[in-house]
1. Between residue 43 and residue 360, what FRET efficiency comes out of the Förster formula 1/(1 + (r/R0)^6) with R0 = 51 Å and r the beta carbon distance, rounded to 0.05?
2. Once amide H atoms are placed 1.01 Å from N in the peptide plane, what residues at a sequence separation of 5 or more from residue 295, or on another chain, have their amide H within under 5 Å of its amide H?
3. Give the residue from 201, 224, 212 lying farthest towards the positive end of the charge dipole for region 158-249; charges sit on Cβ (+1 for Lys and Arg, -1 for Asp and Glu) and the dipole is referred to the Cα centre.
4. Per-residue ellipticity at 222 nm for the chain, helices alone: DSSP H runs ≥ 4 residues times -39500 (n - 2.57), over residue total, nearest 500 deg cm²/dmol?
5. If R0 is 60 Å, what FRET efficiency do you get for residue 292 and residue 423 from their C-beta distance, rounded to 0.05?
6. For log10 I(q)/I(0) by the Debye sum over Cα atoms at q = 0.13, 0.14 Å⁻¹, the choices are [x] -1.16, -1.33; [y] -1.06, -1.16; [z] -1.29, -1.48; which was calculated from the structure?
7. How far apart, in nm, are the 7 Å Cα→Cβ label points at residue 123 and residue 7?
8. Which is farthest toward the positive dipole end of region 291-422 among 401, 299, 364, measuring Cα position about the Cα centre, with Cβ charges +1 (Lys, Arg) and -1 (Asp, Glu)?
Amino acid sequence: MDVALDSAVRRWAVLAVSLTIGAALIFAAGRTWLANYRLDSDQLATMERGVALIPGDAAAWDRIGRKRQWDFVNSDVPGAIEDYRRAVAADPRSAHFWMDLASAFEASGEDAKAREAYKQAKAVYPASAEVAFHFGNFLLREQEYPAAYSELQRAVRADPKLLPLAISRVWRASEDVDELLNNVLPANTESYLAALDFFAGAHQPPAAIAVWQRLIALGKPFRLERSFAFLDELIRSDRSSEAGTAWRQALAAAGLPHDEPAKQNLVWDGNFARDFSQGGLGWRWTPLLDAEMSVDPEPAPDGSHALRLDFNGGSNVPLAAPAQYVPVEPGQKYHFHALLRTQGITTESGPRFSLTDPNHGGALSVQTENLTGSHPWTATDADFETGPDTHFVFVQLARPPSRLFENKLEGTAWIADVSITRSGAAGGPTSP
């Protein structure tokens, strides 16, 4: 309906109403701004003056409660409970506020009330991964394991990002990998890989092996590098047999060639026919500022690929790669073989092969001849015997830094046909 403003009285009346409404809005906005400004303070007294301006704001009461509960100097859990109660009274549909109340009840030893608060959170938001995760952890602490596992499995199915935390909490509570695998983790690649990383990092090889077996049984592909932490743990714990099997399985899962090297060679890809894996039981190379590695277009004398290393004379390069961990058996005799060629290698310290036990210092130390200057293709061979505790041999092309004043390394080195074979084994030193 149109309002005729044909009189001064009516115009003044409309203006007065407008000014009143505007003033009320400005006052309300200013009150809210002041309340939030005070709530942003780190001082509890100031925050309380802020919440007094907006007593019906559930989020403000929850914020005050968290400040009281988690003040490590002057924690006030009973006061926090009252704040959280005001929050859920103002907004009973917030699962977040109910969970904060539950945590405060548990902190005060009121486990029955905590349980009811968690149930309220679950009733409000039954599909929440966060609610299931926190309720599951509460049940773990209560040692109600079947119910806890059910909640945690629901959580990780809804949000896989919770997998590492769920795995850690269940393991800490039970130290039973079968419970974790059977009752918590979904039977999929992502879950098993997360568990594998956890157990490798926690140095729990038996549990990691159990997870690996489940992972392989799925028959699903995964990237080779996802196995590296597990394989490094097997190497660290001297589990050579398991490492050899797992390496072949990892290659197969990644869709890569995984046949055993030919002629009973224990070195994987000893003829450098494939790209470096940079982990596991394959070749590793650490990039160096003044050295460049490549596969030479010219083959080695035996027809295999030759790896070429060019040193540009920029520094006194400490060479410790290419390198590979090779599974062996304790108390056995082995023969090492490789081809090495140099051209214009400067200083008195040139490339040579080094064989050591990576886990038992001094148990094995073999070095081939140090080649400097220029040499044609030269066979470098060494016989060695593993000690009673040696399960891996670390093979690397090494070059200790020179001790000379003019010590910058320049020149080129080639390597090819690297092998380790059991002494007396049939066949030669080449690999596929």
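Every read-out reported here was derived from the displayed coordinates using simple, explicitly stated rules and does not represent laboratory data. In this text the structure is predicted, and so the values were computed from the model without any measurement. All Cβ positions, even for glycine, are placed from backbone atoms using ideal geometry, and neighbour counts span all protein chains on display.
1. Numbers: r = 59 Å, r/R0 = 1.15.
The pair residue 360/residue 43 has a calculated efficiency of 0.30.
2. Amide H to amide H, under 5 Å and 5 or more residues apart or across chains, residue 295 pairs with 308.
3. 224
4. Working: 14 runs with 191 residues, N = 432.
The per-residue figure over the chain is -14000 deg cm²/dmol.
5. Values: r = 36 Å, r/R0 = 0.60.
FRET efficiency, residue 292 to residue 423: 0.95.
6. Given [x] -1.16, -1.33; [y] -1.06, -1.16; [z] -1.29, -1.48, the calculated one carries the label [y].
7. 5.9
8. 401
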